[in-house]
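Remarks on the structure that follows.
The numbers here are math on the coordinates, done by the rules we state, and not lab data. Nothing here was measured: the structure is a model prediction, and the numbers come from that model. Reconstructed Cβ throughout: ideal geometry from the backbone, glycine too, with neighbour counts over all protein chains shown.
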Ligand code: S3P
């Protein structure tokens, strides 16, 4: 067993969550601010940058391609001296992106014709995640990329300065912001127009930020669900400062924890509430949660608010499928809420959960069964009958969101819960244990 795998969390039962906290910066926006800032003209400052291993992997990748990046300092301030669209240099080694799917998928598009060859690699989990979903469209555009027969990393990208990308109109086979972003970022370097048609709304940070950096882009709603996003290659990005809101995906653990623990009353400050990310609020409210928003404002093109959650009894629901992409990272936490709700909760249309940092359907079902919950996994979701958590030892399978979700389960458990393989909590929420302790969760590592 490696040192990494040996980190376990132990969560003692009971307690409740109170106080006011600010969870770390948004992971998706942190990645994108490094990418666009590096390619922009001028110097920009990021505040509230997430100092987790995933976004730091993106930062290190651009540093190793010759971009001067200062920080992050203790407050998450980063200064980037942009090199322009064509200023990146060949890195001396492979770009090791660790556990970060967002880094690998977005960089596959962005780095596909930089005029130098490079290799994108990652850890064991990232090396088993599907990459053909991004290599397929970029190869259609003219990129030359080699990968293994399973369609997984490492990805070898060949660009000798002679190959050119051509714009395409690409219909996403699944609702994925990573694939959408990959194609749009490749489109910045393509001849003519690149369009992406998405089957359902997914997080739109790439679109918002490109516009914030002065890059023209058109978004057309085709119907209730589908949109077409188009841009023309050959433009430039103008440096612009970014204030990263707190990550609603990190806030989600506290939203669920407070909803299941009697006596809880917690406020989460300055959380991003972009409507393409608020499925967690909509779903919990439909289950009966008491959630109120205040101090709503817009910061750098993204809406933010303070979110107050007070304990309220929850009931099971059939989760509306249109909420699935809007809460795609929150289902480990939502499963914990469902296990504490009265009645049955049914999740469908969520097969994408099987190819996240772990198979999140299997990981949650296995852990909840160990803890005495009557539940089962289906091809594209889960059926969870509300009950009470007993004590036991579960495995996070190295997945940060599984680990933090089971830590919250202890608030409503009869005995302590031990969670194995928790080192990857550092990918998205490095101060989770101390921040959660400060609100009343009896967790230690
Ligand atoms: C992300 C998109 C989502 C999400 C991931 C971050 C992004 O993935 O699960 O954590 O920053 O674009 P998919 O695009 O695969 O849905």
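Could you tell me the calculated FRET efficiency between residue 128 and residue 348, based on Cβ-Cβ distance and R0 = 25 angstrom, to the nearest 0.05?
Efficiency computed from Cβ-Cβ geometry: 0.50.
Using the basic label-point model (7 angstrom from Cα toward the beta carbon), what is the residue 146 to residue 238 distance in nanometres?
Label at residue 146, label at residue 238, 4.3 nm between them.
Taking the alpha-carbon centroid of each part, what is the distance from region 222-268 to region 120-148 in angstrom?
Measuring centre to centre over Cα atoms gives 26 Å.
Suppose a student asked you for the relative contact order of the chain, using Cα pairs under 8 Å spaced at least 6 residues apart; what percent would you report?
Relative contact order comes out at 20 percent.
Please figure out what share of the DSSP beta bridges in the chain is antiparallel and state it in percent, rounded to the nearest 5.
70
May I ask you to derive the FRET efficiency for residue 438 and residue 193 from their Cβ-Cβ distance with R0 = 51 Å, giving the value to the nearest 0.05?
Computed FRET efficiency for residue 438 and residue 193 comes out at 0.55.
Would you mind putting 270-277, 323-330 in packing order, based on average other-beta-carbon counts within 10 Å, highest first?
323-330, 270-277
What percent antiparallel are the DSSP beta bridges of region 27-243, to the nearest 5?
70
Roughly speaking, what is the stretch gain from residue 160 to residue 321, that is 0.36 nm per residue apart minus the C-alpha to C-alpha distance, in nm to one decimal?
53.5 nm
So if I take the centroid of the Cα atoms in region 30-71 and the same for region 384-418, what is the distance between those two points in Å?
Taking the Cα centre of region 384-418 as reference, the centre of region 30-71 is 35 Å away.
If you average the sequence gap of Cα pairs under 8 Å that are 6 or more apart and divide by the length of region 99-184, what percent do you get for the contact order?
Relative contact order of region 99-184: 39 percent.
Just to check, using Stokes-Einstein with a Kirkwood Rh over alpha carbon pairs, what's the diffusion coefficient of region 166-316 at 37 °C and 0.692 mPa s in µm²/s?
192
So, R0 is 45 Å and r is the distance between the beta-carbons of residue 416 and residue 63; what FRET efficiency does that work out to, to 0.05?
Taking R0 as 45 Å, the efficiency between residue 416 and residue 63 is 0.60.
For region 27-243, what's the relative contact order in percent, using C-alpha pairs closer than 8 Å and at least 6 residues apart?
The normalised contact order for region 27-243 reaches 21 percent.
Can you give the Kirkwood hydrodynamic radius for the chain, in Å, rounded to one decimal and based on Cα pairs?
Value: 22.0 Å, from the Cα pair sum.
Taking only the alpha-carbon atoms of region 80-189, what semi-axes of the equivalent ellipsoid follow from 5 times the gyration tensor eigenvalues under a square root, in whole Å, largest first?
Rounded to whole Å, the semi-axes are 19, 18, 13.
What share of Cα pairs, in percent, lie more than 17 angstrom apart in region 232-278?
54
Rounded, prolate or oblate: which one fits region 1-95, using the alpha carbon gyration tensor with axes a ≥ b ≥ c (rounded when a/c is under 1.5, else prolate when a/b beats b/c, else oblate)?
oblate
Which shape class applies to region 27-243: rounded if a/c is under 1.5, otherwise prolate when a/b exceeds b/c and oblate if not, where a ≥ b ≥ c are the square roots of the Cα gyration tensor eigenvalues?
Since a/c stays below 1.5, the shape of region 27-243 is classed as rounded.
If a/c stays under 1.5 just call it rounded; otherwise compare a/b with b/c (prolate if a/b is bigger, oblate if not). Do that for region 306-445, with a ≥ b ≥ c from the square roots of the Cα gyration tensor eigenvalues.
rounded
Considering only 55, 391, 405, give the residue with the highest GNM mean-square fluctuation for the chain, with springs between Cα atoms whenever their separation is below 10 Å.
Judging by the Gaussian network model, the answer is 391.
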